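As structure tokens, the structure follows; a few thoughts come after it.
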Amino acid sequence: MLLFFLTTTIVSTYSQKKVIIKAGTIVPIQSVSTVKAADVVIDQTVDFKVTSDIKIDDVVAIPAGTLVKGIVVEAKKSTIAGTKGRLTIKVNSLSLGGGEQVFFTDSFIRRYGKNRTPVAVITSLFCWPLIFIPGTKAVMPAGYETQATVAANTAIVI
């Protein structure tokens, strides 16, 4: 039994490979759930998942399905007088199975509703209650696909 344990430990130690995920590597991601500007607050966490394996030297460095974390940096719901909703999410990082973190840079998702201010103002001249026409909501639907860019060279052990 001791021999089996030592052999397994030695084989697994030698079978690990160190790879570098280079800065600028593009990681395709997809939102896990629908996010509405009216329902979130700034600094709230938003989850994404990696949609396809990222391979380096024919080895999967980032497997599909890996959880990616983002954070809400702007959330404005649509209001009266046609003002549109706004939603901005910064994609921050992902954590790999070995505890390594991969950080992203300049990876923002911006979603805007439609501005109806001109319609609301003009129609309110004829019938004042129409000033209360709201703009459309800012929504990022579940399954929304985008890309995140790796910020710095990151060494990982696979």
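The values are calculated or read from the model by the stated rules, or taken from the named source; none is laboratory data. Given the structure is predicted, the values throughout are model-derived calculations rather than measurements. Positions of Cβ are backbone-derived with ideal geometry, glycine not excepted, and every protein chain shown enters the neighbour counts.
Would you mind stating whether residue 23 is buried (at least 18 other Cβ atoms within 10 Å of the Cβ) and modelled with pLDDT of 85 or more? For residue 23, the condition - buried (at least 18 other Cβ atoms within 10 Å of the Cβ) and modelled with pLDDT of 85 or more - is not met. Of all residues in region 81-108, those being assigned to a strand (DSSP E or B) and either crowded, with 21+ Cβ neighbours inside 10 Å or at pLDDT below 90 (or both) number 7.
When you look at residue 78, is it surrounded by 13 or more Cβ atoms within 10 Å (Cβ to Cβ), modelled with pLDDT of 90 or more, of a type in the set (S, T, N, Q) and over 11 Å from the mean Cα position of the chain (by Cα), yes or no?
Working: surrounded by 13 or more Cβ atoms within 10 Å (Cβ to Cβ): yes; modelled with pLDDT of 90 or more: no; of a type in the set (S, T, N, Q): yes; over 11 Å from the mean Cα position of the chain (by Cα): yes.
Taking the combined requirement at face value, the residue does not satisfy it.
Out of region 42-68, which residues are assigned to a strand (DSSP E or B) and surrounded by fewer than 16 Cβ atoms within 10 Å (Cβ to Cβ)?
45, 47, 49, 55, 59, 60, 67 - these are the residues of region 42-68 that are assigned to a strand (DSSP E or B) and surrounded by fewer than 16 Cβ atoms within 10 Å (Cβ to Cβ).
Being at pLDDT below 95, in a strand (DSSP E or B) and either among the β-branched types (Val, Ile, Thr) or in contact with a strand residue (DSSP E or B) (Cβ under 9 Å, 6 or more places away or on another chain) (or both): is that true of residue 156 here? Taking the combined requirement at face value, the residue satisfies it.
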